[in-house]
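Rule-based calculations on the coordinates, nothing more; no lab input. The structure presented is a predicted model; accordingly, all values stated were derived computationally and were not measured. When we count neighbours, we look across all protein chains shown, and the Cβ atoms used for this are built from the backbone with ideal geometry, even at glycine.
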């Protein structure tokens, strides 16, 4: 326990020294007369993993779209590495929940990954090795010539992640990417994601309805309240790495935070 405390203190100090990757300053989003997000101040630091929870209607996906440059705020600023960020960037990749429609059904696995390499201008002679490395990274080695329809849901989502990693992004934005998967596949992909993010030094922003998933993955959890969406709470996750699907979830800090998140969401779901 003492060693965990020392490690967590070191991690907190390290994060405090990290550069801000993405930042929102008083960001408000309106659709017509309806405010979806209001006065959002938020900073995502490099190599940080932030999860976002909140009841339906709290603007979680809209917040992700603003960070991605897909949605401009009606008011306020969006900054990427201290510069205005108003449109999509190849340094920021997005993984969607609807993996089936995110993939090109007429391209095989290798071809879907190649799409991202083509977009960033990777020379053709370099693509085969890059694709092989990426498929190895996400556990799809040996499936290069299969088509999306021949893959399970978990494998399709691995493919979407591989295609995003082909961009060599600094930031990975994920909108409930594991929501449609069965429990065991979901947990395996959670562990794969933590490994990939750690190995590659990627900054991650992850939207989820699953409170346990938010705690398991995150360095902190942002809680949005609805109508309009506002940051109500910012919960630090005081759990050391590496994390384990059984031991981490049995940790008292995990149990306590799960109750805090549940109480927050339940206020709006009654």
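Report the relative contact order of the chain, percent, no decimals, based on alpha-carbon pairs under 8 angstrom and at least 6 residues apart. Relative contact order here is 26 percent. Compactness ratio for the stretch 73-200: Cα radius of gyration over 2.2 N^0.38 Å (N = residue count) comes to 1.09. With coordinates expressed along the principal axes, the C-alpha atoms belonging to the stretch 19-120 extend over 44, 32, 24 Å, beginning with the largest.
Principal-axis analysis of the Cα atoms of the chain puts helix 2-16 at an angle of about 80° to the longest axis.
Rounded to the nearest 10 degrees, the inclination of helix 109-119 to the longest alpha-carbon principal axis of the chain is 70 degrees. For the stretch 150-218, the relative contact order works out to 39 percent when only alpha carbon pairs closer than 8 Å and six or more residues apart are counted.
Projected onto their three principal axes, the Cα atoms of the stretch 103-168 cover extents of 30, 22, 17 Å, largest first.
Taking the alpha-carbon centroid of each part, what is the distance from the stretch 219-258 to the stretch 62-102 in angstrom? Answer, in whole Å: 23. Size of the stretch 82-123: Rg and Dmax of its alpha carbons, in Å, are 13.0, 40.
Summarised in one figure, the compactness ratio Rg/Rh of the stretch 126-267, Cα atoms and Kirkwood Rh, is 1.00.
Of the labelled figures (1) 7, 28, 35, 23, 7, 0; (2) 7, 31, 37, 22, 3, 0; (3) 6, 25, 30, 19, 13, 5, 1, only one reflects P(r) over Cα pairs in 10 Å bins from 0, in percent as derived from the coordinates, namely (1).
When restricted to Cα atoms, the stretch 128-196 yields an Rg and a Dmax of 11.7, 33 Å, respectively. Can you tell me the 0 to 90 degree angle between the C-alpha axis of helix 153-165 and the longest principal axis of the chain, rounded to 10? Rounded to the nearest ten degrees, it is 90.
Neighbour counts of C-beta atoms inside 10 Å place 92, 196, 53, 34 in the sequence 34, 196, 92, 53, starting with the fewest.
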